[in-house]
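A short write-up of the structure that comes next.
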Amino acid sequence: MSTPREVRLHDLLGREVLAANNRRVGLLEEFRAEVKGNACEITGFVIGVAGLYERLGLGVKMIFGKGGGGYLARWDQLDLSDPHRPRLTCSVDELSTV
């Protein structure tokens with residue numbers, strides 16, 4: 001069983017991310033993490049096609065071209081209190097683009 005600070009990544013992958021105004025931002029496609037001691041800590045979430053490219057590898061991007069884009073949300077910019085409905089805690093303008 002997960003503690004409140006733990007979320008199973010497979011429950012998040014492919015989920016639609018919503019902005020505070022309920023507009024669709026994109027799908028959660030990839031995670032960025034750092035190993036700290038014996039734990040793996042998520043540092044960012046890649047939302048959109050760019051995350052899918054990261055997950056599938058560079059070869060896919062080379063075949064289909066650069067197109068698409070996405071956002072990188074820091075761990076504190078995404079509300080995961082309901083893992084089935086992730087929501088931004090900031091405006092889309094505050095996210096980094098990838």
Within segment 43-52, considering residues that are open to solvent by less than 40 Å² (accessible area, probe 1.4 Å) and in contact with a helix residue (DSSP H, G or I) (Cβ under 7 Å, 6 or more places away or on another chain), the one modelled with the highest pLDDT
G44
Of the residues that sit in segment 24-40 and are of a type outside the set (A, V, I, L, M, F, W, C) and touching a helix residue (DSSP H, G or I) at 6+ places or on another chain (Cβ under 8 Å), which one is least open to solvent (accessible area, probe 1.4 Å)?
G26
Please work out which residue is surrounded by the fewest Cβ atoms within 10 Å (Cβ to Cβ), limiting yourself to segment 7-23 and to residues that are assigned to a loop (DSSP other than H, G, I, E, B) and of a type in the set (A, V, I, L, M).
A20
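The values are calculated or read from the model by the stated rules, or taken from the named source; none is laboratory data. Not measured: the values here are computed from a predicted model. Cβ sites come from the backbone with ideal geometry, for glycine too, and all protein chains shown count toward neighbours. The protein model used for the area step is the full one, side chains on, heavy atoms only, and it has no ligands, DNA or RNA in it. Shrake-Rupley method; radii C 1.70, N 1.55, O 1.52, S 1.80 Å.
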